[in-house]
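Working notes for the structure below.
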Amino acid sequence: MINTNEILTKHNIRLTKSLGQNFLTDANIIRKIADAGMLSKDDLVIEVGPGIGALTVSLAQKAGKVIAIEIDKNLIPILQDTAGQFKNVTIINDDILKVDILSLISGWQGQIKVISNLPYYITTPVVMMFLESNLPIELMVLMVQKEVALRMAAKPKTKEYGALSVGVQAVGEPKVLFNVSRNCFIPKPDVDSTVLRIILTQHYKKQIIDYNIFHKCVKAAFSQRRKTLVNSMSSTLQMDKQLIKDVLVNLKLKEQTRGEELSVEQFISLSNLISEYF
Ligand code: SAM
């Protein structure tokens, strides 16, 4: 287990707040995150933002291979020092949103998992990029801001339920695992964190006729939470109100229904019917 405090002091590292650099210092939390990945030597792990490698080392001990993608070139020499000594770790200096992941994982015969203490400023784009990528990913274990984890796993008719919940649950099954105090990081972030696991089922995704329209409908449905679906969707998507009313009747839903009342399945049925009109 590497000592984050010691390494930061030894290398005199200046942390970059804008890159979401809050490094884990708690060995127990690092072990729990790696355990949550249910890893074996058949697994290839993609780690987003390894930082100075605290989690990377734990992952390397359990997985068959770890591909650690870090944007900050100043951290790469330290990462080589801490995690580079493991033969099954590949360190890539790149932006996770730009790197060609498919070519990095090509040839791997086992399962592929994403495990990361995510930089908070790009949580949603990174999560949605993986979920919608069609990459053969089995599961994701992510540490994110507590509120974001609750939104991803939220059920209909709760205040946390929104476009992110539907987007995530259309492709996977999220489960909140445990909270992590802000005291477990250097520097201490302003928010508490939560670790969640998303098993990618693709179950619902296969039922979606047009993913683009599904997204537009979900976004429009939650764009004005207080409005009914008929009003929010007609104004956001410039659709005829009567058409949306007809779709609701078809789905046996009341005209006054709001977006937050619809289950993921109902959103899929709604968008599939609307797809026919676009
Ligand atoms: N894994 C380390 C840990 O748990 O201590 C560091 C986690 S820290 C919250 C997030 C890391 O992601 C930082 O090292 C940061 O430089 C890196 N990062 C930020 N944006 C990134 C991006 N677009 N692509 C890859 N890494 C990024």
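Side notes on the structure shown:
- Residues of the stretch 140-179 that are under 10 Å from the mean Cα position of the chain (by Cα) and assigned to a strand (DSSP E or B): MET140, VAL141, LEU142, MET143, VAL144, PRO174.
- Helices (runs of 4 or more DSSP H) (entirely within the stretch 227-278) containing at least 1 residues that are within 27 Å of the chain's Cα centre (by Cα) and modelled with pLDDT of 95 or more: 264-275
- Condition met for LEU229 (closer than 21 Å to TYR204 by Cβ, aliphatic (A, V, I, L, M) and either crowded, with 19+ Cβ neighbours inside 10 Å or not assigned by TED's automatic domain parsing to the domain that holds LEU164 (or both)): yes
- Looking only at the stretch 78-108, and only at residues there that are in a helix (DSSP H, G or I) and of a type in the set (A, V, I, L, M), the one that is surrounded by the most Cβ atoms within 10 Å (Cβ to Cβ): ILE78
- Some residue of the stretch 18-26 being open to solvent by 30 Å² or more (accessible area, probe 1.4 Å), more than 13 Å from the ligand (Cβ to nearest atom) and of a type in the set (Ser, Thr, Tyr): no
- The one condition from (1) over 24 Å from LEU8 (Cβ atoms); (2) within 12 Å of the ligand (Cβ to nearest atom) that LYS73 does not meet is (1).
- Restricting attention to the stretch 135-158, the residues being open to solvent by 10 Å² or more (accessible area, probe 1.4 Å), touching a Lys or Arg at 6+ places or on another chain (Cβ under 9 Å) and free of Cβ contacts under 8 Å to residues at least 60 places away in the same chain number 1.
So that you can scan it fast, the table gives a plain yes or no per residue for (1) of a type in the set (Val, Ile, Thr); (2) closer than 24 Å to ILE67 by Cα; (3) open to solvent by 50 Å² or more (accessible area, probe 1.4 Å); (4) in contact (Cβ under 8 Å) with a residue 60 or more places away in the chain:
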site	(1), (2), (3), (4)
VAL168	yes, yes, no, no
VAL195	yes, yes, no, yes
ILE198	yes, yes, no, yes
MET233	no, no, no, no
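- Selected residue (criterion: farthest from the chain's Cα centre (by Cα)) from residues of the stretch 42-63 that are in contact (Cβ under 8 Å) with a residue 60 or more places away in the chain and either open to solvent by 30 Å² or more (accessible area, probe 1.4 Å) or more than 8 Å from the ligand (Cβ to nearest atom) (or both): ASP42
The values are calculated or read from the model by the stated rules, or taken from the named source; none is laboratory data. If you're wondering where the values come from, they're calculated on a predicted model, not measured in any experiment. Reconstructed Cβ throughout: ideal geometry from the backbone, glycine too, with neighbour counts over all protein chains shown. Accessible surface is based on the protein model in full, side chains and every heavy atom, while ligands, DNA and RNA are left aside. Shrake-Rupley method; radii C 1.70, N 1.55, O 1.52, S 1.80 Å.
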